[in-house]
Amino acid sequence: LLLSDLGGLEREKEKKKLLMESVQERLVEFSLEAHDLYLNKSVPHLEGPPEPLQFYRDWIGPNKPCIIRNAFSHWPALSRWTPIYLREKIGSKVISVAVTPNGYADAVAGDRFVMPEERQMSFSSVLDIIEGTVQKTGVFYVQKQCSNLLQELPELVDDLEPHVPWMSTALGKSPDAVNFWLGEANAVTSMHKDPYENLYCVISGEKHFILLPPTDRPFVPYGLYQSAVYQEQDGGEFKVIDNVDSHKVAWIPLDPLDPDLERFPQYRLARPLCCTVKAGEMLYLPSLWFHHVRQSHGCIAVNFWYDMEYDIKYNYFQLLESLSEVANGSS
């Protein structure tokens, strides 16, 4: 009887293994099919602001990114936002600044998900560091994503628009947040996704994006990490301090600039898109697309987050996420 039971258990394990392999194969086919059917091999450019309905049909509905030129050429910010102007206009304003030892804020470091030290600084003191007139330990990045342009720097709103009219019409809503970005070249945004339709506008300098569609989720590794925060010590070194009472954070440990394919072999099947968004250009980054971001030194950008629709597409993505986690044994 015991031998019979053991034999039954072995057969059951083999059946489960074959089923899991079948799921993994189908997930690969699913992703490759998406690339063949509708995804572009590079990020296309539009030469002007689109009509709302056309943009919805061509880009929002299909969930595809594009770069739009001449979409905000009427904004005074494009010519006004020099260091001299910004010092005069908002130099004394105190803003939230993310400070890290290596430029990686909100990223996996070893077995921790580490957030930046949040420092309150005057805008002029941030410019001093970026311009090199003041030397400080660490990498500084204005990146607080709480509609910081409207909340912390309302003096700059007249230099642009509080929303993008054709996007607001296409979606039938106003943006949830309008964010201001300014940082050093070493400041990096690690690979992640957001539940927003994102219009990312570069005012000066340029941003470098690595993008992966939601359908590549089976190839994107996740882990569960203890939450922590960087804290600069008196000697200038940074210490990682655990957030003791916080829940573990699910995050992507892979660096797309130097992917560890021995540790994450499934990433070989991913098909990342790389694009550079230059001054005066706007990237439409669709909801749930994975993205990794770098920038030129002192780059200034503004982005508009429009809340995504939690409809059947979101439902399907949640299913894909669950299947990917089961198939890959990740968190």
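The values are calculated or read from the model by the stated rules, or taken from the named source; none is laboratory data. Since this is a predicted model, take the numbers as computed values, not measurements. Here the Cβ is made from the backbone with ideal geometry for all residues, glycine too, and neighbour counts use every protein chain on show. Calculation scope for accessible area: heavy atoms of the full protein, side chains included, ligands and nucleic acids excluded. Shrake-Rupley method; radii C 1.70, N 1.55, O 1.52, S 1.80 Å.
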Residues of the range 234-263 being of a type in the set (Phe, Trp, Tyr) and either farther than 16 Å from Tyr104 by Cβ or over 24 Å from the mean Cα position of the chain (by Cα) (or both), which ones? Phe238
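Results for (1) open to solvent by less than 50 Å² (accessible area, probe 1.4 Å); (2) β-branched (Val, Ile, Thr), shown as yes or no for each residue.
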{"position": "Gln54", "(1), (2)": "no, no"}
{"position": "Ile67", "(1), (2)": "yes, yes"}
{"position": "Phe72", "(1), (2)": "yes, no"}
{"position": "Pro76", "(1), (2)": "yes, no"}
{"position": "Ile90", "(1), (2)": "yes, yes"}
{"position": "Ser96", "(1), (2)": "yes, no"}
{"position": "Gly103", "(1), (2)": "yes, no"}
Pick from Leu283, Leu320, Leu288, Leu273: which is open to solvent by less than 30 Å² (accessible area, probe 1.4 Å), touching a Ser or Thr at 6+ places or on another chain (Cβ under 7 Å) and under 23 Å from Tyr38 (Cβ atoms)? Leu273
Any residue in the range 118-142 that's touching a residue at least 40 places away in the same chain (Cβ under 8 Å): show its pairings with residues that are among the acidic types (Asp, Glu) and in a strand (DSSP E or B) at Cβ separation under 7 Å, as long as the two are six or more apart or on different chains. Thr137/Glu232; Gly138/Glu232
Might you check whether a residue that is over 30 Å from Gly205 (Cβ atoms) and of a type in the set (A, V, I, L, M) occurs anywhere in the range 314-321? yes
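For every residue, the table says whether it meets (1) touching a residue at least 60 places away in the same chain (Cβ under 8 Å); (2) hydroxyl-bearing (Ser, Thr, Tyr).
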{"position": "Tyr200", "(1), (2)": "yes, yes"}
{"position": "Ser204", "(1), (2)": "yes, yes"}
{"position": "Leu224", "(1), (2)": "yes, no"}
{"position": "Gln233", "(1), (2)": "no, no"}
{"position": "Phe238", "(1), (2)": "yes, no"}
Kindly list the number of the only condition in (1) touching a Ser or Thr at 6+ places or on another chain (Cβ under 6 Å); (2) at pLDDT 95 or above; (3) in a loop (DSSP other than H, G, I, E, B) that fails for Gly236. (2)
I need the full set of residues from the range 37-62 which are among the hydrophobic types (A, V, I, L, M, F, W, C) and closer than 15 Å to Gly172 by Cα, in order please. Leu53, Phe55, Ile60
Of the listed residues (Glu206, Glu262), the one being in contact with a Lys or Arg (Cβ under 7 Å, 6 or more places away or on another chain) and not aliphatic (A, V, I, L, M) is Glu206
Tell me, yes or no, whether the range 206-216 has at least one residue that is of a type outside the set (Ser, Thr, Tyr), closer than 17 Å to Ala105 by Cα and buried (at least 20 other Cβ atoms within 10 Å of the Cβ). yes
Wholly inside the range 113-216, strands (runs of 3 or more DSSP E) that include 2 or more residues that are among the charged types (D, E, K, R), modelled with pLDDT of 95 or more and more than 19 Å from Thr276 (Cα to Cα) are 117-122
Residues within the range 301-311 that are open to solvent by less than 10 Å² (accessible area, probe 1.4 Å) and out of contact with any Asp or Glu (no Cβ under 7 Å at 6 or more places or on another chain), tallied: 4
Condition (residue is under 21 Å from Pro213 (Cβ atoms) and at pLDDT below 95) applied to the range 2-16: is it met by at least one residue? no
Among the residues of the range 125-132, are any closer than 30 Å to Asn243 by Cα and among the polar types (S, T, N, Q)? yes
I'm trying to understand the selection: among the residues of the range 135-167, which are farther than 17 Å from Asn198 by Cα and open to solvent by 50 Å² or more (accessible area, probe 1.4 Å)? Gln135, Lys136, Thr137, Gln151, Pro154, Glu155, Asp158
Gln231 being of a type in the set (S, T, N, Q) and either open to solvent by 70 Å² or more (accessible area, probe 1.4 Å) or within 17 Å of the chain's Cα centre (by Cα) (or both): yes
